[in-house]
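Notes to accompany the following structure.
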Amino acid sequence: MKNIAVIGAGTMGNGIAHTFAQFGYSVSLIDISQVALDKGLGTISKNLDRMIAKEKITAADKQNTLSNITTFTSIPDGVKNAELVIEAATENMDLKKSIFKQLDECTNADAILATNTSSISITQIAAVTNRPDKVIGMHFMNPVPIMKLVEIIRGYNTTDAVTEAIVNVSMDIKKVPVEVNDYPGFVANRILMPMINESIETLYNGVAGVKEIDTVMKLGMAHPMGPLQLADFIGLDVCLSILHVMYDGFKNPKYAPCPLLVNMVTAGKLGVKSGEGFYDYSESRKAEIVAAMFS
């Protein structure tokens with residue numbers, strides 16, 4: 001398995017493409033927007049420059065990595081030779097189903113179709129294809145080139161052979177694959193999102209401020225980043241979407257999104273990506289200034 005296609009050139013997609021290309025895979029990076037593709041390649045180049053500065057790779061390694069990536073604005077053109085396709089589009093069930101239906105029609109019959117979804121049912125996505133046995137979840141962590149974990153999520157029909165192949169390819173790119181079952185949120189977000197939501201509830205109820213909540217979790221629980229800063233980093237819209245998936249899947253009130261989170265997303269305060277969330281990022285991507293509305 002040496003020919004990989006990645007659908008989506010955003011944060012996760014370009015990180016996945018970067019990682020596979022760095023380990024010698026031929027990568028087709030696909031997005032409907034040429035602007036997004038150019039931005040994605042720019043991000044990969046900058047991240048490789050950081051690795052050069054830290055003496056983790058050489059300039060030749062950077063050139064080899066970039067030469068392994070080819071961009072496409074057409075899914076059929078980009079996936080025609082792919083042995084593994086990894087979808088990293090927006091966390092939206094209808095969009096993912098549409099993409100997988102198209103992938104099923106225009107990829108080789110033996111190609112494995114993977115999704116980078118962080119919470120959506122693999123079994124539901126697989127159901128729109130004629131190869132549910134070859135559909136699987138590969139949930140990478142952000143930033144992909146640095147984070148070691150990959151959640152490997154088996155759908156109801158995913159075969160042992162496909163699972164083994166994805167575990168092996170994950171290890172080949174120096175990741176640590178962990179097999180989990182197909183339930184809303186899987187493991188990472190089933191544990192993480194209620195913690196983030198409860199942190200927002202704690203703020204909403206006036207127990208403590210943003211900085212105080214994050215400081216307690218960093219210094220008291222040895223978390224490298226506080227939950228509110230982490231929510232900003234993930235994207236508050238993404239957090240809200242995952243909580244909706246979990247609430248719809250379990251019908252358990254403990255997964256209901258905090259009203260403050262709903263209001264912030266409605267107001268366009270999405271975290272780092274919008275320049276403001278629980279912290280102010282208008283001048284820097286670092287969470288240096290607590291947003292005025294919470295100070």
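Just so you know, all these numbers are worked out from the coordinates, no wet-lab data involved. Everything numeric in this text was worked out from a predicted model, so none of it was measured. No Cβ is skipped: glycine too gets one built from the backbone with ideal geometry, and neighbour counts run over all protein chains shown.
Tabulated data
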read-out	value
Exposure proxy order (Cβ contacts within 10 Å, fewest to most) of T117, T163	T163, T117
Per-residue [θ]222 nm for the chain (sum of -39500 (n - 2.57) over DSSP H runs n ≥ 4, rounded to 500)	-13500 deg cm²/dmol
Region 189-294 - Debye-derived log10 I(q)/I(0), Cα point model, q = 0.15, 0.21, 0.22 Å⁻¹	-0.56, -1.11, -1.21
Most to least packed among 191-199, 273-281 [average Cβ atoms within 10 Å]	273-281, 191-199
Potential extension, Q63-Y156 segment - 0.36 nm per residue separation minus Cα distance	29.4 nm
Neighbourhood charge, 12 Å Cβ-Cβ cut-off, centred on L192 and excluding it, Lys, Arg +1 and Asp, Glu -1	-1
Ranking of V162, V6, V262 by count of other Cβ atoms within 10 Å, fewest first	V262, V162, V6
Ranked L149, L103, criterion: other C-beta atoms within 10 Å, fewest first	L149, L103
Charge sum, other residues only, whose C-beta stays under 13 Å from M217's C-beta, Lys/Arg counted +1 and Asp/Glu -1	-1
Cross-link reach list, aspartates and glutamates versus K273, counting only Cα pairs under 12 Å and skipping chain neighbours closer than eight places	D232, D237
For region 1-117, projected area of the alpha-carbon convex hull averaged over all directions, nm²	6.7 nm²
Cβ-based net charge around K254, under 15 Å, with every Lys or Arg adding one and every Asp or Glu removing one	-1
The chain: angle of helix 93-106 to the longest principal axis, Cα-based, in degrees nearest 10	10 degrees
Over 21 Å (Cα to Cα) - which of K54/K174; K39/K101; K96/K174; K96/K286 fall in this group	K39/K101; K96/K174; K96/K286
Low-density loop cleavage sites - trypsin sites (Lys or Arg not before Pro) in region 110-217, where at most 13 other Cβ are within 10 Å (DSSP)	K148, K174
